[in-house]
Amino acid sequence: MFKHILVAIDQSATSRHAFDAALDLAQALGAQLTLVHTLDRYDSDSPQQPYLAANSYSMELDELLRKDYEYKWGEFVNHYESLLKQHQEVAEAIGVRASCLQPYGRPGPAICTVARNAQADLIVVGSHGRHGLGEMFLGSVSNFVMHHAPCPVLVLHPDDQRHPTPLRERSELSKTALSAFTS
């Protein structure tokens, strides 16, 4: 069935929910997990590229602005690399084989490309719940992925009131309940 699960990671609550769901599935199915965060310079969290003037009077200022941007971009990349590594460590701590990728580009197309290249069997992505104008101007990564993915897609929504107990917690609860019956 699902032997390779790809999960899109950012800092949102729905991303954490998507990670938990993907981790539960990977653990239950013995699947490999690929964690993906797309480095998008249009992301609201990414540093904004400076406007560089064309006149010669501002060459030094332009150089300072460029260096400042490169420094902030490096911090942005390192922050998400660290976040991916933390998720990878969580997965590996419970016996799930996990890897991380940070492709450059728009998130929807990049996620689909990674899924295709990695031959993922399932993509798990959180939805930010954008509708109407918000979706039109900001885009919907989950909507793009649903329509362009090379495999099935599981979308988790922010207004989903069902927050099931993660599998790893259920297994601990089951052990506790089983030991109560056998004592």
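The values are calculated or read from the model by the stated rules, or taken from the named source; none is laboratory data. Here the structure is a predicted model, which means the values were calculated and not measured. For neighbour counting, all protein chains shown are included, and Cβ atoms are generated from backbone atoms with ideal geometry for every residue, glycine included.
A few remarks follow.
- Any chance Tyr57 is surrounded by fewer than 11 Cβ atoms within 10 Å (Cβ to Cβ), of a type in the set (Phe, Trp, Tyr) and at pLDDT 90 or above: no
- Complete set of residues in the stretch 97-147 that are at pLDDT 95 or above, in a helix (DSSP H, G or I), over 13 Å from the mean Cα position of the chain (by Cα) and hydrophobic (A, V, I, L, M, F, W, C): Ala118
- Test: residue in the stretch 37-50 that is crowded, with 20+ Cβ neighbours inside 10 Å and under 18 Å from Ser99 (Cβ atoms): yes
- Residue within the stretch 68-90 that is in contact with a Phe, Trp or Tyr (Cβ under 9 Å, 6 or more places away or on another chain) and in contact (Cβ under 8 Å) with a residue 40 or more places away in the chain present: yes
- Meets criteria (over 20 Å from Ser140 (Cα atoms) and either out of contact with any helix residue (DSSP H, G or I) (no Cβ under 7 Å at 6 or more places or on another chain) or modelled with pLDDT of 95 or more (or both)) for Leu23: yes
- Members of the stretch 1-30 that are assigned to a loop (DSSP other than H, G, I, E, B), aliphatic (A, V, I, L, M) and surrounded by fewer than 20 Cβ atoms within 10 Å (Cβ to Cβ): Met1
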